[in-house]
1. Using 0.36 nm times the number of residues separating residue 37 and residue 194, minus their current alpha carbon distance, what extension gain do you get?
2. Between residue 157 and residue 135, 0.36 nm times their residue separation minus their Cα-Cα distance comes to what?
3. Using a Gaussian network model of the chain with C-alpha springs under 10 Å, which one of 132, 107, 45 is most mobile by mean-square fluctuation?
4. On a 0 to 90 degree scale, rounded to 10, what angle separates helix 4-23 from the longest Cα axis of the chain?
5. For residue 89, what accessible area in Å² do you get when you roll a 1.4 Å probe over the heavy atoms of the protein chains, rounding to the nearest 10?
6. Sequence gap of 8 or more, or different chains, plus Cα separation below 20 Å: how many lysine pairs satisfy both in the stretch 101-221?
7. For the stretch 138-221, place one equal point scatterer on every Cα, skip the solvent, and apply the Debye formula. What is log10 of I(q)/I(0) at q = 0.16, 0.21, 0.24, 0.25 Å⁻¹?
8. Considering only protein heavy atoms, what is the solvent-accessible area of residue 87 at a probe of 1.4 Å, reported in Å² to the nearest 10?
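The values are calculated or read from the model by the stated rules, or taken from the named source; none is laboratory data. Quick caveat: nothing in here was measured; it's all calculated off a predicted structure. Every residue, glycine among them, receives a Cβ derived from its backbone with ideal geometry; neighbour counts consider all protein chains shown. Keep in mind that these areas ignore ligands, DNA and RNA; they rest on the heavy atoms of the full protein, side chains included. Shrake-Rupley method; radii C 1.70, N 1.55, O 1.52, S 1.80 Å.
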Amino acid sequence: MMKPLRVVIITTVVAFFVIISNAQPLPPARPDGFVYTNVGPVDPNPVAIEAFLDPVCPDSRDSWAPLKLALSHYGSRVSLLVHLLPLPYHDNAYVASRSLHIANLLNSSSTFPLLEQFFKYQDKFYNDQTKNLSKAFIVKEVIDFATIAVGNSLQPQFQAAFSDIRTDLKTRVSFKFSTSRGIYGTPGFIVNGFVLPGVGSPIDYNGWRKIIDPLVAMKRM
């Protein structure tokens, strides 16, 4: 039997999914996700990792450093595509995720620095810290916070983008895409099209080595 709190959380996620499904009748113009640029010679057939992250989720934060370390180890033998899944029980996840989509539009080189900035100063946007603040105030705080990574000169465009329905739809599409892939929590990972077990829990560096080493070895056969 499910605990009452878990039932409420699942019901909230389902309701949120229904709302955004109704709001997005057409496929997006471009596939969802942010491509992480890795180093090394181009591999035409890399091990493909998709990460589903929430910028204000502590477990997403804890998963990022070991994943980056694994990417550095394997170089271009591994590719990474990051999708944003703003969980509804993280009050500011949607605004933070929207800011990342805006950053990617205005200055794509700032996308991952901004994600890491959210992870580093995540406590600024936790539920308890912002529960008495208005939505308008939080949006302004996020804009000021994000333009540190994107560039202060882009602050007017960044602010205007929060009034643009297209950036709202991009954020909704990311949520819809993630749930359509069977990811219901963060962090979640898909490797070569296979959903890894343990959604909602970080994978440490040794865990990534155990997953990726056999796949890289099989490619040599």
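1. Values: separation 157, 0.36 × 157 = 56.52 nm, distance 2.17 nm.
Value of the extension gain: 54.3 nm.
2. Numbers: separation 22, 0.36 × 22 = 7.92 nm, distance 1.95 nm.
Between residue 157 and residue 135, full extension yields 6.0 nm more.
3. With Cα springs under 10 Å in the chain, the top fluctuation among 132, 107, 45 is at 132.
4. 80
5. Roughly 90 Å² of residue 89 is accessible to a 1.4 Å probe.
6. Details: 120/140; 124/135; 124/140; 131/140; 135/170; 140/170; 210/219.
Value for the stretch 101-221: 7.
7. -0.84, -0.97, -1.08, -1.12
8. Its heavy atoms expose roughly 10 Å² to the probe.
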